[in-house]
Amino acid sequence: MKEVKAIIASFETPGELLHAAEKVRDEGYTRFDCHSPFPIHGMDDAMGLKRSPLGFIVGGMAVLGAAVGLGLQGWVTTVEYPLILSGKALWSWQAYIIITFALFVLFGAFGAVFGMFVLNRIPRWHHPVFYSDRFASVTDDGFFISIEPGDPKFDAENTAAFLTAIGGKDVETIEGDA
């Protein structure tokens, strides 16, 4: 049995795609995506996307890394294995800065990589729009909007009619195995 996986519509220019994204957003759709061969300035605002939380994830992980580095070195030199070398105090934080900074950067990098995996829902091995033969032109000169059934406002007939009404060409309902 076949079920609807997505509905896609093509547009002629990046400007048309940008204005169509605004209309889709204003209509109340939330689970849609715009596809083009290059980034289009203003598309995030046109789609109603919020600012990415990735900066907070990276910052939080970096501060955690710095705290782990400083805390581990402080614990080792003051509690676990206290040695007084060259008359330095047990808690000599100046000597801990190098490792603290290294773990700050390392944890921040891990936060960036794994944060992007989570936020981009990676790995996703296959997206429904790849069932369409026409969608291959998106890497060259195609501009598409895709709306998936996970959207609360999605109705196959009404969504296809709406995409046609806002200027979408070659509106296609993509079906796949259930």
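Tabulated results
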| item | result |
| --- | --- |
| Lysine pairs meeting the criterion (Cα under 20 Å, 8 or more apart or interchain), as found in the chain | 6 |
| For the chain, radius of gyration divided by Kirkwood radius, i.e. Rg to Rh on alpha-carbons | 1.27 |
| Stretch gain in nm, segment Asp133-Trp93, where the contour uses 0.36 nm per residue and the Cα spacing is subtracted | 8.2 nm |
| Candidates Thr159, Thr139, Thr78: whichever shows maximal mean-square fluctuation once the chain is modelled as a Gaussian network with Cα springs under 10 Å | Thr78 |
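Where a number appears in this text, it was derived from the coordinates with a stated rule and is not lab data. Here the structure is a predicted model, which is why all the values come from computation and not from measurement.
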